[in-house]
Amino acid sequence: VDVSEALVQKYAEKQIDRVTISRMLHAGEDPTPERLIVIAQHVQKELATRLARRLLDIQTLPYIVVINPNFQQVYKLYRKAFKTLINSPKVVNISQDAEFVEVVKGLVHEAVQVVPWLAKGCHDASKKVPASQLNLNRFMADMIMSRISRRVIAEQYISLHEERPGYIGVICKEMSPYDVVQRVAPEAQATCQRSYGIFPGYEIEGDKSITCSYLPTHLEYIMFELLKNSMRAVVEQHSSKNELGKKLPPIKILLARGPSDISIRISDQGGGVPRKHLDRIFDFGFSTFEHESLSAGDGHEPPSPLSGIDANVVRTSPMAGLGFGLPTCRLYAQYFGGDVWLNSMEGYGSDVLVRLDHMGETKEFSNYDGFDIWKSLRCPDVTLLDALQANPRVQTHAYKDRERNLRDMRDHRRVV
């Protein structure tokens, strides 16, 4: 079956079935052949629907962005994956299930470069037009959150075919935040060492016995990025004060559990965030670090011990510079009802609070739908151009010539 725009729109308009951790645990608790077949059918439908929405979403970008080679790579990859899924036969027996597992593994492997492509595409576009004028932040949030959701669905399905003690799919039944920190903190220190030649220590306080059913890979990513940021800030703050001969102040990590939440506070003495930046630190493409070369993420870093969904992003992540770390951390936390906040004491340091919902009943990413344009397209009298003009995400001042802007949007289908 060829991928036509009508077919993509048909899939995009299907209802998304948002899952919870509790539901994933229940569905995967006894993976009988019959249950695996039902899960495979769910994966086929959900991955195709979510990819279709992103394919349409890319068409809403300003012309100057959509012609960027990195965004075109993402579009081509998503279109190829969508075609693979819709051309895969519906799984109705266990042998087809085994074949489909291999298809999904291939899709997961092919998509490892998506986040670096998005980051570089955003970086390139913002050099030509200010990011605030391009208004890419919500687009990036929808793209990344959708990617997280697809990876969770795909990895859960794959992992249900691979027994792992203490796990149901990718969910650890008794994940220990303390153990997660102990795994990722040395990796963050090693990254800091490679960039600066030194690194601060860390201290873990609070309730170290906390456990909950959660995805360790998500918390690994969050903690790695936040600890990496804190370590960079500490080194730069104290090197600017000519204090490198002294012992660097440690990063302090506090663990706590309440009736519904697990909270992790990361405190550093890295000088804090300037007040003028506080409103933008969770925006995609914004970074307080201006000197890191993009080549730092060229894939030649030593292998990372971090396992899981975005290990490739961790492995190729430079110390700073692309402005994707903090907003992506927040999305990982928000995916199942958590969040990330930052409090800054300028001149001293910062506290970052990670909140995770340990109840397991929160549906995935309900605030990130990206369905505004497709709702407009359901109306028979509304054209693609009308929908694009009505969408606030493309109300941009990036072009002085409004007629050219409208013409560029009209050319989206030919460009992508």
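The values are calculated or read from the model by the stated rules, or taken from the named source; none is laboratory data. The shown structure was predicted, so the numbers you read here are calculated from the model rather than taken from an experiment. Every residue, glycine among them, receives a Cβ derived from its backbone with ideal geometry; neighbour counts consider all protein chains shown. To get the accessible areas, we keep the full protein, side chains included, count just its heavy atoms, and leave off ligands, DNA and RNA. Shrake-Rupley method; radii C 1.70, N 1.55, O 1.52, S 1.80 Å.
Summary table below
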item: Positive-end residue of Pro69, Tyr11, Pro89, charge dipole of region 6-91 with Cβ unit charges; result: Pro69
item: Given Lys45/Lys90; Lys10/Lys80; Lys208/Lys252; Lys128/Lys276; Lys83/Lys105, the pairs whose alpha carbons are separated by over 20 Å; result: Lys128/Lys276
item: Under Karplus coefficients 6.51, -1.76 and 1.60, residue-wise ³J(HN,Hα) of region 144-159 in Hz, glycine/proline x; result: 5, 5, 5, 5, 4, 5, 5, 5, 5, 4, 5, 5, 4, 4, 4, 5
item: Sites Ile204 and Glu34 - FRET efficiency at Förster radius 51 Å, r taken between beta-carbons, to 0.05; result: 0.70
item: Longest to shortest principal axis, alpha-carbon extents of region 1-126, angstrom; result: 50, 30, 25
item: Hz values of 3J(HN,Hα) by residue in region 198-210 - Karplus curve (6.51, -1.76, 1.60), Gly and Pro given as x; result: 9, 7, x, x, 8, 10, 10, 10, x, 8, 7, 8, 4
item: Where N is the number of residues in region 145-187, Cα Rg divided by 2.2 N^0.38 Å; result: 1.35
item: Leu254 paired with Trp341, simple spin-label distance in nm, labels 7 Å along Cα-to-beta-carbon; result: 1.3 nm
item: Whole-Å semi-axes of region 48-195's equivalent ellipsoid (Cα gyration tensor); result: 30, 26, 12
item: His26 - accessible surface, heavy atoms, 1.4 Å probe, Å² rounded to 10; result: 120 Å²
item: Cut-off 14 Å, label 7 Å out along Cα→Cβ of Asp17, residues of region 23-52 by amide N; result: 23-28, 35-50
item: Other-chain or far-sequence residues with amide H under 5 Å of Gly338's (modelled H); result: Asp357
item: Mean shadow area of region 135-222, taken as a quarter of the surface of its Cα convex hull (nm²); result: 8.3 nm²
item: Sites Asp279 and Lys128 - FRET efficiency at Förster radius 22 Å, r taken between beta-carbons, to 0.05; result: 0.40
item: Calculated from backbone phi, Karplus (6.51, -1.76, 1.60) coupling profile of region 21-38 in Hz, x at Gly/Pro; result: 4, 4, 5, 5, 5, 5, 5, x, 5, 10, x, 5, x, 5, 5, 4, 5, 4
item: Distant-in-sequence amide H partners of Phe286 (H built 1.01 Å from N, under 5 Å); result: none
item: With all protein chains modelled, accessible area of Leu136 [1.4 Å, Å²]; result: 10 Å²
item: Per-pair calculated FRET efficiency, R0 = 51 Å: Glu163 and Lys80 via Cβ, rounded to 0.05; result: 0.95
item: Cα-only radius of gyration and Dmax that characterise region 130-284, units Å; result: 18.2, 55
item: For Ile251, residues with placed amide H under 5 Å, excluding near neighbours; result: Gly201, Tyr202, Glu203
item: Whole-angstrom Cα spans of region 22-89 along principal axes, big to small; result: 50, 28, 16
item: Surface accessible to a 1.4 Å probe, Ser263 within the full protein complex, Å²; result: 40 Å²
item: Net lengthening on full extension, Lys363/Ser4 (0.36 nm per residue, minus Cα-Cα); result: 126.1 nm
item: Proximal lysines relative to Lys246, as straight alpha-carbon distance under 29 Å, when same-chain residues fewer than 8 apart are discounted; result: Lys228
